[in-house]
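The values are calculated or read from the model by the stated rules, or taken from the named source; none is laboratory data. Computed from a prediction, not measured in an experiment: that's the story for all the values here. Cβ sites come from the backbone with ideal geometry, for glycine too, and all protein chains shown count toward neighbours.
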Amino acid sequence: MFRKLFGLEKKEAKRGNPDAVRLGVDLEMSYCPKCNEEYRLDVERCVHCQVELISGEERLGQLTSKEQGFTARSMEIADGESMVAIREGKLRDLKPYQILLAKDRIPALLNGDAAGCAKG
Ligand SMILES: [Zn+2]
């Protein structure tokens, strides 16, 4: 009884990595770094990509660092940062694009130029 309880506890602790659960990574599986396909531990290469698999722990590490990079990404546009024009049009038509980009934490500027100005 006591041993049984102990065994159960051990299993739960391993499974209970909150990051692994949240990001859907099974620490007892291997993953393809390219297509993210999940494999049993005894498989060494991805059948699709022919690349070596990484362990669940490595995958989790990659995902969490990626995630941290994402939330740490600045929404400020610094001087000299390269910008690209993706859309021209009326201001109210462009606003949804800015919101869409912000969801991916991509800063956007709505820039009025002379052509759109009433005076011009
Ligand atoms: Zn693959």
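Among all positions in the range 91-102, there is at least one residue which is in a helix (DSSP H, G or I), among the polar types (S, T, N, Q), at pLDDT 85 or above and over 17 Å from the mean Cα position of the chain (by Cα). Against the list (1) surrounded by 10 or more Cβ atoms within 10 Å (Cβ to Cβ); (2) in the same structural domain as ASN17 (by TED's automatic domain parsing); (3) assigned to a loop (DSSP other than H, G, I, E, B), the condition ARG59 fails is (3). Among the residues of the range 35-58, just one is of a type in the set (Lys, Arg) and within 12 Å of the ligand (Cβ to nearest atom), namely ARG45. Please verify whether the range 69-86 includes one or more residues that are more than 30 Å from LEU110 (Cα to Cα), modelled with pLDDT of 85 or more, loosely packed, with under 11 Cβ neighbours inside 10 Å and away from the ligand (no atom under 16 Å from the Cβ). No, the conditions are met nowhere in the range 69-86. Among the residues of the range 38-90, the ones that are among the small types (Gly, Ala, Ser) and touching a residue at least 24 places away in the same chain (Cβ under 8 Å) come to 3 in all.
Just one of (1) farther than 17 Å from ALA102 by Cα; (2) under 14 Å from the mean Cα position of the chain (by Cα) fails for CYS49. It is (2).
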